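Student: Next up is a structure, given as structure tokens.
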């Protein structure tokens, strides 16, 4: 049994998670389905393509296979179950955004809004200029807001100046789009 590991709850003491993000199977099944009394082994982690590069592992409980994310299993073993509350909680990779880094020191439970702020901080956010269809960049958005506050420009004039619709300028000024809290300059 590995050092610095804890039992993964809900799997009849069959699996353990290590602080380095590895999963240990305490029992090894025989070919006939029985569970002989043999030493356990490290489980092979598989990259799940549909989930942005997260590692998954197959765990068996009551003769059923459950495909689980490794980062969630590590959190469940060391921190506890996903917190319940008004906001939905999810696993957070921080400070290293790499989904393959499942070390306990890089994981934690957090809300979706905190995870979104992390995406902005790391530059992986697809809002604003990160969107492939964006006509503006943060520098121009800040300039639109600054010029509007001078009182010399209307929405229509700013729209013509920056080659966007005047309703887009209004949405920027009111904070409906290009929200100030998304601004990378403000977050850093």
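Nothing in this text is a laboratory measurement; each read-out follows from the coordinates by a stated rule. Note that the structure is predicted; figures quoted are calculated from it, not measured. Counting neighbours? That spans all protein chains shown, and the Cβs are built from the backbone with ideal geometry, glycine included.
Student: What do the square roots of 5 times the Cα gyration tensor eigenvalues come to for segment 54-188, in whole Å, largest first, as semi-axes of the equivalent ellipsoid?
Tutor: For segment 54-188, the semi-axes come out at 43, 14, 13 Å.
Student: Next question. When 1/r is averaged over all different Cα pairs and the result inverted, which Kirkwood radius in Å belongs to segment 131-187?
Tutor: 11.5 Å
Student: How would 164, 141 line up from fewest to most surrounding beta-carbon atoms within 10 angstrom?
Tutor: Ordered by Cβ neighbours within 10 Å, fewest first: 164, 141.
Student: Quick one: 76, 185, fewest Cβ neighbours within 10 Å first, how do they rank?
Tutor: If I rank by nearby Cβ atoms, fewest first, I get 185, 76.
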